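FYI, it's all coordinate maths here, none of it is from the lab. What you see is a predicted model, and the numbers here were worked out from it, not measured in a lab. FYI the Cβ positions are ideal-geometry reconstructions off the backbone, even for glycines, and counts take in every protein chain you see.
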């Protein structure tokens, strides 16, 4: 995981943490966060079910007031497509 924040004062505020069990729910949460302009940190992990110890995938979605990993403006502009297929970087 990459965090560009050096101190706690620079980190965005954590709004909520959601623990999800289906990829459909994860997708819905990510789309909603994108529409609202929120930052997201997504983690997946495996848990054993109670009786038969079958591993089940789960997801942790953390919502932040801004992106937990920020890209400097110069980098973002350098990687944006120009819209002209004849122009290459």
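Odds and ends about this structure:
- The residues 18, 58, 29, when put in order of fewest to most other Cβ atoms within 10 Å, stand as 18, 58, 29.
- Building the convex hull from the alpha-carbon atoms of the stretch 12-68 and averaging its projection over directions returns 3.9 nm².
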